[in-house]
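Have a look at the structure below before the remarks.
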Amino acid sequence: MTAWSLLLILVLPFAGSLCAAVLKPSARNAEAWLAGLIAVSGVVQLILLYPQVSNGQVLALSLPWVPALGLTFSLRLDGFAWMFSMLITGIGALVVIYARYYMSPQDPVPRFFSFFLAFMGSMMGVVLSGNLIQLALFWELTSLASFMLIAYWHHRVDARQGARMALTVTGAGGLCLLAGVLLIGHIVGSYDLDRVLASGDVIRAHPGYAVALVLVALGALTKSAQFPFHFWLPHAMAAPTPVSSYLHSATMVKAGVFLLVRLSPALGGTDLWFWLIGGAGLCTLVLGAYAAMFQQDLKGVLAYSTISHLGLITLLLGLNSPLATVAAIFHIMNHAIFKASLFMAAGIIDHETGTRDIRRLSGLYKVMPITATLAMVASASMAGVPLLNGFLSKEMFFAETVYIEGATWVQVGLPVAATIAAAFSVIYSLRFIHQVFFGPTATDLPREPHEAPRLMRLPVEFLVLACLVVGILPAITVGGILDSAARSVLGANLPQYSLAVWHGLNLPLIMSVLALAGGIAGYIALQRNLRMGEIDGTPLIYRFDGKRSFERVQEGLTTFAERVTRRLTSERLQVQMLWILGVSLAAGLIALWAQGASGPSGLSTPMDPLFALLWLLGGACAIATAYQAKYHRLAALILMGGAGLVTCLTFAWLSAPDLALTQLGVEVVTMVLILLGLRWLPKRLPSAETALSARLRRGRDLALAVGAGAGLSWIAYAMMTRPRADSISPFFLEKALPEGGGTNVVNVILVDFRGFDTLGEIAVLGIVALSVYALLRRFRPAPESMDLPEQQQDPEAYGNASGRPAGDLPEGYLMVPAVLIRLLLPVAALVSIFLLLRGHNQPGGGFVGGLVMAMAVILQYMVGGTSWVESRSRLHPQHWVGLGILIAALTGAWSWLFGLPFLDGMSWKTYVPLLGEIYIGTALFFDIGVYMLVVGATVLVLVALAHQSARSLHRANKAQAEEKH
């Protein structure tokens, strides 16, 4: 059960995210308690696992996912992952306490904690993943979750811009990472992390090593905001301060350095690694520290300092030294502690004064002495002052730059650059302390400054205490954790190192003294100019604005896309269809020509005259549809339905009842969909083309249609007449019952053999339905805003979907069809459930059953109107979509409990009174998920269109009424 606790640690944040999303906005305490308990439970479970991890054990849980492709859902916890997981959950718990008091009562708190827990779960997935593909998946989830959190205050332009920039940069890096891990998996022959880490020599000797390293580095450097991708991180400061504190200390930006540490045994140790990783780290270290000195926003100072410290960690990892790797891991811990406390302190200042502008803040020590003391200690740790945790890892960093081997300019230049960057860190730390807390008390602040609530300061106090305790007693407090983390990365290459506070008078200590002295002198020289705001922007490099360059590239790509769009597309649907069919036909012909595909092998059975007549009728309907579309769209729609009906009869003729039922349901739904959309089509305008050009255009369209239809017919006929030895159907016919547990081969293929494909397809269907609903819901008509007469606002008065009252209906109108259709709903529901339950052994299934139920609901809308139905309906399509995907996914995950691959089918025999022995299989529950999603998605799309149609019709009726008056 120890390994299963890893799954619990990972799943709990995502489950909490779903729970938090449905809580009421007024339940602020409940939201905070939920998020806090989940974070604390993760901390407790990790503490219980520490004895095993500290002994060098690697706890693992592996669940088959797609074994044929070498994919498993794998969780892995070693010393390094344990340390990182503790930072994620521990600091996460403290941020939850802080956020409870920071967030305003007017903020949508459920959304905040929902996104926050999803962010925590995504980061835990990155840290615990034992499979590279799985790691890349969670990697992108962190980008999505951070996007939601950065854009939390979406009414602000800077929040939306910062979120888009972060998602674009880190998302693009994630795609590079995916390509890199795919290449690494190809080189090693496995995506298992243990095998990859053990195959470092194989990877480095492979010709594709350089490409793989560059791709992985792009993923890591973009995520950790390393040069030249550092520009997105300062603009992410538009997020609430609890988000900034969490993002900078234990999540998101730390994911990049985590990946570099994790893959360093497999990819490190080469000159390319040194120059690529070390070079990016050195540039970021100096550039970030330099820019931080001149920021006027408290969070801006901390953001650039984060960039600089991440550059320090990256530089250490690029040095190809085991001791440098130990120093990097140590600084990851130290930076997380003091940076989280500093961001929270900055948030308290902003919360209690109403501003983060350093030029307006002054003398806060007098009114906020506790907050000032905490911020000063954390800032001193960031500057590397002795007896604080930041000093220890900085000393180890100096030692590695001093004793590096290489060219003379590297041996001299690297220590000098490190000392200069450390001096810069002293300058911006002193500025944070002196200009904010000392001097005359500010009088023009938006709010009267005072101390924050006690519990809001508690997380800062805890973290600052950790800075002191670790700085004074490092070996006792974090020595074992550091040793376990470093040993899990370096293994037998773990060097001897000391965490003592005093190592005697040596060159690293001299560098520290020089950095402190130089920083103090530099701050004194710049103090007046910085306080008065005379230095605007970042001197020397202000022209090199990463945001401006990003926006120019974005504008250039947008302009290029617009030009291509203007040349290749048109607002006319006919032109778009011409391109789609033309390119598809050309691609098919080229592929067939290149493969030298042979035609049909001959008729397998003689042509039946009735079947030929049926197809003549279908062809006539299709041709008439094309002809009538020019004159009467409704007639064309009816004729198109006739062609679809012939297709259904064809499936039935060829002994494919499942396809016939599904096609019939799709035809009905499609007809209703197009019927609702007919009123939106523009009126036909007189064409300016000549008679000759019109004939040429119609001839072109006819040739293209005949070519596309003939090509598909040829392919279908070739497939149906090919030799049986080349067919895969015997395999499914033989395996359906013994391995799939059903006699309906089509359904067994969909829910068992190709269950993963079906899961992806229904997920796409659900996404499309939700997208349509999101786009159209703003047009949803509300009775109170439609200025309807009083009798029309009564739901009982609705006689049809147009919203007209029954009294206005034409003479001779019968209410009997409406009554019958309303009575049809329970019958249709019973039929749909019947089709669902019999689908595994007889024609039917979740998809066709869902279509039948959706059609019954849509008929209610058509005869009763939207208001009448929704006033009585308990069906929420959005919930059905979500529950359908959830049930289908959980059905697949259920197999893991029995050590089987994802979506592997199982069945049980049970006895039911009156019915006798029956078989219940996981395929049934998967089909139930498909059923619910199809009902929800279909109803959601059609109802959204029905609402839009009702509103447009209301506007037309209102315009006619105004004309009469």
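Counting neighbouring Cβ atoms within 10 Å and putting the fewest first, the residues V930, V243 line up as V243, V930.
Cα-Cα over 22 Å: which of K223/K299; K223/K339; K394/K547? Mind showing how you got there, number by number?
On the way: K223/K299 19 Å; K223/K339 18 Å; K394/K547 30 Å.
Beyond 22 Å between Cα atoms: K394/K547.
The mean of 1/r over all distinct Cα pairs in segment 321-537, once inverted, gives the Kirkwood hydrodynamic radius of 18.6 Å. Under the shape rule built on the C-alpha gyration tensor, where the axes satisfy a ≥ b ≥ c, segment 64-123 is oblate, since a/c reaches at least 1.5 while a/b does not exceed b/c. Under Stokes-Einstein, with the Kirkwood radius over Cα pairs standing in for Rh, what whole-number D in µm²/s applies to the chain at 20 °C and 1.002 mPa s? Using the Kirkwood radius from Cα pairs, D works out to 66 µm²/s.
If you build the convex hull over the alpha carbons only and average its shadow over all orientations, what do you get for segment 1-144? Give it in nm² to one decimal.
Details: hull surface 35.3 nm².
Seen from a random direction, the Cα hull of segment 1-144 projects 8.8 nm² on average.
Over the chain, what relative contact order in percent results from Cα pairs under 8 Å that are six or more residues apart? If you can, show how the numbers build up before the last one.
Details: 1391 pairs, mean separation 85.7, N = 965.
It comes to 9 percent, rounded to a whole number.
Each listed q (0.10, 0.14, 0.15 Å⁻¹) maps to a log10 I(q)/I(0) for segment 207-342 from the Debye sum over equal C-alpha point scatterers, namely -0.29, -0.56, -0.64.
Only counting other Cβ atoms within 10 Å, I'd like F294, F898 sorted with the fewest neighbours first.
Working: F294 22, F898 8.
Ascending number of Cβ neighbours within 10 Å: F898, F294.
Roughly what angle does helix 609-628 make with the longest principal axis of the chain, taking Cα atoms, 0 to 90 degrees, to the nearest 10? On a 0 to 90 degree scale, this one is about 70. The chymotrypsin sites (Phe, Trp or Tyr not before Pro) of segment 408-448 that meet both conditions, a loop assignment by DSSP and at most 16 other Cβ atoms within 10 Å of the site Cβ, are F438. Charge dipole of the chain (Cα centre as origin; +1 on each Lys and Arg Cβ, -1 on each Asp and Glu Cβ, all else neutral): 1620 debye, rounded to the nearest 20. Residues whose amide H comes within less than 5 Å of that of G742, counting only those at least five positions distant or on another chain, are L737 (H built at 1.01 Å from N in the peptide plane). As a proxy for reagent exposure, L141, L578 were ordered by neighbouring Cβ count within 10 angstrom, fewest first; the result is L578, L141.
Restricting the GluC sites (Glu not before Pro) of segment 400-509 to loop positions (DSSP other than H, G, I, E, B) with no more than 15 neighbouring Cβ atoms within 10 Å leaves E405, E451. In the chain, with Lys and Arg counted as +1 and Asp and Glu as -1 at Cβ, which of these residues, G384, V96, A561, has the Cα nearest the positive end of the dipole, that is, farthest along it? Of the options given, the answer is A561.
Relative to the compact-globule scaling 2.2 N^0.38 Å, provide the ratio for the alpha-carbon radius of gyration of segment 143-231. Mind showing how you got there, number by number?
Working: Rg = 16.3 Å, N = 89, 2.2 N^0.38 = 12.1 Å.
It is 1.34.
So for segment 94-244, what percent of the C-alpha to C-alpha distances run longer than 25 Å? For segment 94-244, the fraction of Cα-Cα distances above 25 Å is 37 percent.
Here, each number is a calculation from the coordinates, and none is a lab measurement. If you're wondering where the values come from, they're calculated on a predicted model, not measured in any experiment. A quick note on method: Cβ atoms are made from the backbone with ideal geometry, for glycine too, and the neighbour counts reach across all protein chains shown.
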